[in-house]
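What follows is a single structure, written as structure tokens, with notes after it.
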Amino acid sequence: MSKLTIQDLILTGKKVLIRVDFNVPLNKDGTIADDTRIRESVPTIQHALQQGAGVVLMSHLGRPKSKKDVQYSLGICAKKLSQLIAAPVFFATDCVGKDVEKMVQDLKGGQVLLLENLRFYPAEEDPSIDPNFAKELSKFGDFYVNDAFGTAHRKHSSTAVIAQYFPSKAAMGLLMQKEIQHLEPLLKKPHHPFFVLIGGAKISSKIGVLKSLMKKVDAFYIGGGMAFTFLKAQGIEIGDSIFEEKSLPDALNLLRECEEKKIPLHLPIDVVVADGLCNDAAFKTIPISQGIPKGWMGMDIGPETIQAWSADFQKAATLFWNGPVGVFEFPHFARGTQEMAQAIAHLKAMTIVGGGDSVSAVNQLGLSSKFSHVSTGGGASLEYLEHGKLPGIEALSDKPS
């Protein structure tokens, strides 16, 4: 059965409690590095405001270790949202308690209040610590809307547990609907050829989705730090490159399975290596067949790999990309990720990018409008593709039959 949506709710004169995902990357000076997640929440917020609802927003930011930490205050997000909606956004310096209750009571239709970081309380991430935390939050709305796709794979107080306090009144926001609408075809009937480009550091968090997509994919392309676990599993010297010892058997099994099923699994044919993990380290490009010498580590895919993969992508009808293919935060090792973004952006295919750093690359290059969909959730998009469901969506009310 499909889930209730915000469009199904009559919000006039009501208060609506919306779980948004304002977990934005911050610069060293505390400013917002990329406001995509805040911008993507605006349609849902404006929909509620246009209906005359009082809007109470809740989110987390960063990993504040379950205590109040000024560097993770959502105050900066309140200011940014205020600019985006061209209206005041009230800010509560806590997310529960008498002062917050008073602010919610005083909130009028057409006004917005953002609560302070939920993760200042340990019960947000571990509801068993204080089952009452979700109940306290639930007092702040007549309806509950989950629009935080980026955290929908977490069974947290504000994303899953809270929905039980809103029987027949817990709905999906517009962003959540948009995310599912674009990812669902990849699960059911992607147009072929369907290619998957996976990067990032860890294979352990992505092996599940690779296995799940094996039933539908026409080719895998694996870059980033996780490529070195696959290369090591094949007996190739990887020098000081990062890899996951525990995941070597998984990598080997996946390589064998792909071979048996005749699914091409492409690893880099050349790599940019450096003698240190910093932008000003000495670096050079080498073919992977000769192995990486000791004292050197793989930092990016090389030009031959870029050329080969970019040419292959021209054949794609559907392409899903998650994770950078190099140490993207260092300019000297960002070329692979940037070139992949450029190549994919100019395809005629259905193109979906999901996950933090790959999305940042797309945004920095001004290419987001060239993609069919830019997902706000890396982990959530992978988990949805792996399991076909997410706890934060499962918890919501079913539409009346």
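Looking across 168, 204, 241, 212, one residue alone is touching a Ser or Thr at 6+ places or on another chain (Cβ under 6 Å) and either in a helix (DSSP H, G or I) or in the same structural domain as residue 358 (by TED's automatic domain parsing) (or both). It is 204.
Taking the criterion of being within 20 Å of residue 388 (Cα to Cα) and either outside the structural domain of residue 130 (by TED's automatic domain parsing) or surrounded by 21 or more Cβ atoms within 10 Å (Cβ to Cβ) (or both), the residues of the range 150-160 that qualify are 150, 151, 152, 153, 156, 159, 160. The lone criterion from (1) under 19 Å from residue 147 (Cβ atoms); (2) out of contact with any Pro (no Cβ under 6 Å at 6 or more places or on another chain) left unmet by residue 119 is number (2).
Residue count for the range 100-127 satisfying the condition of being part of a helix (DSSP H, G or I) and either within 21 Å of residue 61 (Cα to Cα) or among the β-branched types (Val, Ile, Thr) (or both): 10. Of all the residues in the range 258-283, those that are among the charged types (D, E, K, R), exposed (fewer than 15 other Cβ atoms within 10 Å of the Cβ) and over 17 Å from residue 329 (Cβ atoms) number 4.
Exactly one residue out of 322, 363 is under 25 Å from residue 234 (Cα atoms), under 21 Å from the mean Cα position of the chain (by Cα) and not aromatic (Phe, Trp, Tyr), and it is 322.
Residue check: residue 326 meets all listed conditions (1) touching a helix residue (DSSP H, G or I) at 6+ places or on another chain (Cβ under 7 Å); (2) over 17 Å from residue 198 (Cβ atoms) but one, namely (2). Could you tell me how many of the residues in the range 46-82 are surrounded by fewer than 22 Cβ atoms within 10 Å (Cβ to Cβ), among the polar types (S, T, N, Q) and in contact with a Ser or Thr (Cβ under 9 Å, 6 or more places away or on another chain)? So the answer is 2.
Residue-wise test of (1) farther than 25 Å from residue 23 by Cβ; (2) not small (Gly, Ala, Ser).
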| position | (1), (2) |
| --- | --- |
| 336 | yes, no |
| 341 | no, no |
| 344 | no, yes |
| 353 | no, yes |
| 368 | no, no |
| 379 | no, no |
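Criterion applied to 332, 387 was being more than 16 Å from residue 200 (Cβ to Cβ) and within 18 Å of the chain's Cα centre (by Cα), and the one residue passing it is 387. Only one entry of 43, 25 meets the criterion of being surrounded by fewer than 22 Cβ atoms within 10 Å (Cβ to Cβ) and either under 19 Å from residue 115 (Cβ atoms) or modelled with pLDDT under 95 (or both), and that entry is 25. Considering only residues in the range 197-209 that are aliphatic (A, V, I, L, M) and in contact with a helix residue (DSSP H, G or I) (Cβ under 6 Å, 6 or more places away or on another chain), the one that is nearest to residue 384 (Cα to Cα) turns out to be 209.
Listed conditions (1) more than 18 Å from residue 19 (Cα to Cα); (2) in contact with a helix residue (DSSP H, G or I) (Cβ under 6 Å, 6 or more places away or on another chain); (3) among the small types (Gly, Ala, Ser) are all met by residue 87, apart from (2). On the given criteria, is residue 9 over 16 Å from residue 73 (Cβ atoms) and over 18 Å from the mean Cα position of the chain (by Cα)? Judged against the criteria, residue 9 is a match. Scanning the range 307-337 for residues that are in contact with a strand residue (DSSP E or B) (Cβ under 9 Å, 6 or more places away or on another chain) and either of a type in the set (Asp, Glu) or part of a helix (DSSP H, G or I) (or both) turns up 308, 309, 312, 313, 332, 333, 335, 336, 337. Annotation note: Cβ proximity below 6 Å between a residue of the range 369-387 that is farther than 15 Å from residue 154 by Cα and a residue that is hydroxyl-bearing (Ser, Thr, Tyr) (sequence gap 6+ or interchain) occurs for 371/351; 372/351; 374/368; 375/381. Restricting to the range 244-290, and then to whatever is in a strand (DSSP E or B), farther than 26 Å from residue 194 by Cα and touching a residue at least 40 places away in the same chain (Cβ under 8 Å), can you tell me which residue is nearest to the chain's Cα centre (by Cα)? Per the stated criteria, the residue is 272.
The values are calculated or read from the model by the stated rules, or taken from the named source; none is laboratory data. Note that the coordinates shown come from a computational prediction; the quantities given were computed from them, not determined experimentally. Neighbour counts are summed over all protein chains in view; Cβ atoms, including those assigned to glycine, are modelled from backbone coordinates with ideal geometry.
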